[in-house]
1. Using a Cα-Cα cut-off of under 18 Å, which lysines could be cross-linked to K37, ignoring same-chain neighbours fewer than 8 residues away?
2. So which trypsin sites (Lys or Arg not before Pro) in region 53-145 pass both tests, a DSSP loop state and at most 12 other Cβ atoms within 10 Å of the Cβ?
3. With a/c under 1.5 counting as rounded, go ahead and sort region 77-142 into rounded, prolate or oblate using the C-alpha gyration tensor (a ≥ b ≥ c being the square roots of the eigenvalues; past the cut-off, prolate if a/b is larger than b/c, else oblate).
4. Ordered by residue, what ³J(HN,Hα) values in Hz, to whole numbers, does region 128-133 give under the Karplus form 6.51 cos²θ - 1.76 cosθ + 1.60, where θ = phi - 60° and Gly and Pro are x?
5. Along Cα→Cβ, 7 Å out, is where each label goes; now give me the distance between the ones at L130 and D64 in nm to one decimal.
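Throughout, read-outs are computed from the coordinates displayed, never taken from laboratory work. Only a predicted model underlies this, so the values are computations on that prediction, with no experimental measurement involved. Note that we place each Cβ from the backbone using ideal geometry, even for glycine, and neighbour counts take in every protein chain shown.
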Amino acid sequence: MIEVMIAVAVVGILAALGFSHLTAANERKALALDVEKVLSVLATARGQTLAGKDGFSYGVHFEDRKIVLFRGTIYNAGEVTNKIYSFADGVHLASTALVGGGAEVMFNKLTGTTEQSGTLTIALLRDATLTKVVTVFATGIAQNN
């Protein structure tokens, strides 16, 4: 009987350790996917601006748990044309450091450049030391460092 209890305890401990490692791996994957999402939405906004889609310029608004692709020169939260992209559970925007101090990156129609260059730090909620930094250059190009 004692042997069975010890075996069950050992299996329980191993299962808990395996679950913990699996959860951490899933969170790292979610972080990487959300960084790619940010890069993709920035590239989409820049591309639509350069293409002159619907005669508008486009930008991206950043919040703690989501990013919003918007059209026009000013972000309006109630605009029906906004496209909202939520971060995965456990991932958030830890900080923004954009020129001008705002929470938007807007692109210029003819050049695709931006006056809101800077960095966006995306992190795990559970482990703030695990971060990824997206840099937006004045040219309008963004990359993950």
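1. Leaving aside lysines fewer than 8 places away in the same chain, those within reach of K37 are K29, K66, K83, K132.
2. On the way: sites: K53, R65, K66, R71, K83, K109, R126, K132; in loops: R65, K109, R126.
Answer by residue number: R65, R126.
3. On the way: a/c = 2.47, a/b = 1.41, b/c = 1.76.
In terms of gyration-tensor shape, oblate.
4. Along region 128-133, the couplings run 5, 7, 8, 10, 10, 10 Hz.
5. Placing both labels 7 Å along Cα→Cβ, they lie 2.0 nm apart.
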